[in-house]
Each structure stands twice: as structure tokens, then as C-alpha cells.
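Reviewing the structure listed below.
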Amino acid sequence: MRDWLELELAHQLAPVRAPGDLWERVEKAADPAAHKPHGGAHVWRIAAIIVLMIAAGTLWYVARGAELQPLPRHLAAEQVRSRWIRQTAAERPSQACLACHNNL
Amino acid sequence: MVLEGSEKEIVLACQRGERDAFRTLFETYKDKVYSIALRFSGDRAVAMDIAQDTFLKLFSSIRDFRGDAGFETWVYRLVVNSCLDHRRRTRRLIPLADEFLLTLRASGDSLAEVLRSEVSDRVRSAVDRLSPDLRIAIILRYTEGLAYEEIAEVLGCSPGTVASRLNRAHKALERRLSHLVHHPGGGHA
């Protein structure tokens with residue numbers, strides 16, 4: 001039995017030749033970046049998107065800040081004057097014309 | 001298994017990072033590495049994974065090779081470790097996958113072909129069912145033809161342990177394959 005087994009093992013477990021594409025696989029696995037198509041383009045695309053997002057955010061922030069700033073002095077005075085005219089016209093209609101025509 | 005002559009130059013060139021030297025080393029050892037991987041796993045796709053893993057480890061760690069052991073022994077250790085690592089990673093999947101593949105193989109072939117390859121399949125299946133420690137000893141012995149001392153050096157154990165493992169493996173295989181042997185009393189048991 002032992003002789004038969006040893007012969008059978010030597011036959012069944014005999015060495016074989018490695019497949020031809022083994023080197024290619026090893027090479028690819030060793031240097032995946034070199035075989036990845038357009039790897040650099042992805043990085044640039046992502047960088048461009050990030051820059052655009054930052055620019056858009058900055059513009060939005062600046063625009064929002066401008067809205068929240070107090071009115072310039074001459075516009076504020078005009079608003080007060082308009083409010084006074086409306087109030088005078090409602091309370092003392094006879095003097096309302098003077099509000100606008102007091103220089104005549 | 002001593003590193004000398006041109007092989008030493010190739011290893012030194014690899015340590016310097018020379019690409020052609022890596023290719024030469026690969027060509028020297030590819031069949032040995034793939035054979036052990038295939039005989040251990042019993043599957044070509046798995047053997048390719050193990051062989052690829054072994055060469056990646058070899059190339060990435062060749063700078064650490066100091067020549068204390070023989071280079072061939074060092075390569076054998078790498079492939080044995082890759083086989084055992086792969087076995088550990090896929091331990092739970094292998095029995096189911098094996099059964100599935102055996103079913104597919106049996107249903108796809110004609111009865112005559114199945115009968116012709118019966119002995120071959122049974123022997124390989126019996127080897128596959130050995131524990132990893134026994135199986136790797138059997139493969140180093142019968143696939144690579146290593147002596148007990150060489151196997152001991154690769155596995156990092158004593159020649160006595162190798163002899164014990166081979167003996168246990170032979171007994172287990174004899175038990176499992178005894179029905180295939182023609183007995184003088186008449187026919188196959």
C-alpha cells in the first residue's frame with residue numbers, strides 16, 4: 001500500500017507550469033497606479049469642483065453680508081422724511097403740502 | 001539550498017531595485033511557487049492568488065533578506081505562509097465551495113471520464129482533507145521533492161517533527177484510499 005501511495009502522490013502532486021499571465025498579474029498588483037487609466041484627471045476634476053464650491057460659497061457669503069449692512073446715511077434720511085410726510089398728511093392734511101413745497 | 005553565484009547577483013540587483021532582476025527571479029521561481037499553491041489549494045484561481053501574493057511579499061521584503069538561510073528556503077517559507085494565510089482567511093468557505101465544485105464537475109462530465117479520473121480525484125481529495133500542517137509537509141515532499149531536513153528548515157521545525165507529520169499523513173491517506181488498492185484476495189475492496 002505504501003509504495004502504491006507514494007507513487008500515486010508523486011504522480012498526482014507533480015509540479016506544474018505557472019500560467020503565462022501570472023507575471024502580468026503580479027506587475028499590476030505591485031504598481032496599481034501605473035495601470036489605472038486617467039488617474040490624474042480624477043484628482044484635477046475633484047480639485048476643480050472643490051475650488052468652484054469655495055468660490056460660490058465666498059460669493060454667497062459676501063452678498064449676504066452686504067444685505068445685512070445698515071443703509072447708507074442719505075437713504076436712511078430719505079426714509080425718515082417719507083415717513084414724516086405720510087404721518088403729517090394723515091394727521092394735518094392742511095399742512096401736508098408744506099412738507100414738499102416749503103421752499104416755494 | 002545555498003545562495004551563490006548568479007543567483008546571489010540577481011538577489012543583490014533586486015535589493016537595488018532593478019526591474020529586470022525581479023523578472024529573472026520571478027522566472028526562476030514561478031513554477032515552484034505556483035505548483036505548491038495549486039497542490040495546496042486544489043484550485044487554479046486560488047493558486048494564482050496565492051502565487052501573486054507570494055511574489056508581492058517576495059519583492060517587497062527582499063531588502064530584508066540577509067542570506068542567513070538559503071534563498072530557496074526563504075522563497076518556500078513565503079509561499080507556505082501565503083498558503084496558510086489564505087487557508088485561514090477562507091477556512092469557512094472552502095468545504096462548501098469544494099462540494100459545489102465537485103458537484104459541477106461530476107454533472108458536467110461523462111460517466112466514462114468520471115470513472116477514468118476517479119483515482120486521481122480521490123487521491124487529490126484525500127490530500128485536500130489533510131490538516132494544513134500535514135498537507136504542506138506532503139506537498140513539499142512530493143511536489144518539490146525536498147528532503148526531511150530541507151522541509152524542516154522551511155517549516156521551522158525539527159526533522160523529527162517532519163517525519164512524524166509525514167507518517168501521520170501517510171496513515172491518514174492509506175486509510176482513506178485503501179478501497180482503491182487491488183487486494184490479492186480479489187478486485188478492489
- Message: Give the average, rounded to an integer, of partner chain Cβ atoms located within 10 angstrom of each Cβ in A:21-27.
- Response: 6
- Message: What does the structure give for B:121-128 when I average, per residue, the other chain Cβ atoms found within 10 Å of the residue Cβ?
- Response: 2
- Among all the lysines, which ones have a C-alpha under 24 Å from B:Lys57's C-alpha, if same-chain residues fewer than 8 places away are not counted? A:Lys28, A:Lys36, B:Lys8, B:Lys30, B:Lys32
- Query: Rounded, prolate or oblate: which fits segment B:1-76 when a ≥ b ≥ c are the square roots of the eigenvalues of the alpha-carbon gyration tensor, with rounded for a/c under 1.5 and prolate only if a/b beats b/c?
  - Reply: prolate
- Pop out the ³J(HN,Hα) list for segment B:147-161 in order, Karplus 6.51 cos²θ - 1.76 cosθ + 1.60 with θ = phi - 60°, rounded to Hz; leave Gly and Pro as x. 6, 4, 5, 5, 4, 4, 5, 5, 7, x, 9, 7, x, x, 5
- Potential extension, B:Ala147-B:Arg63 segment - 0.36 nm per residue separation minus Cα distance: 27.4 nm
- In order over segment B:165-173: 3J(HN,Hα) from phi, Karplus 6.51/-1.76/1.60, θ = phi - 60°, whole Hz, x for each Gly or Pro, gives 5, 5, 5, 5, 5, 4, 5, 5, 5
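FYI, it's all coordinate maths here, none of it is from the lab. These numbers were taken from a predicted model, which means no experiment stands behind them. A quick note on method: Cβ atoms are made from the backbone with ideal geometry, for glycine too, and the neighbour counts reach across all protein chains shown.
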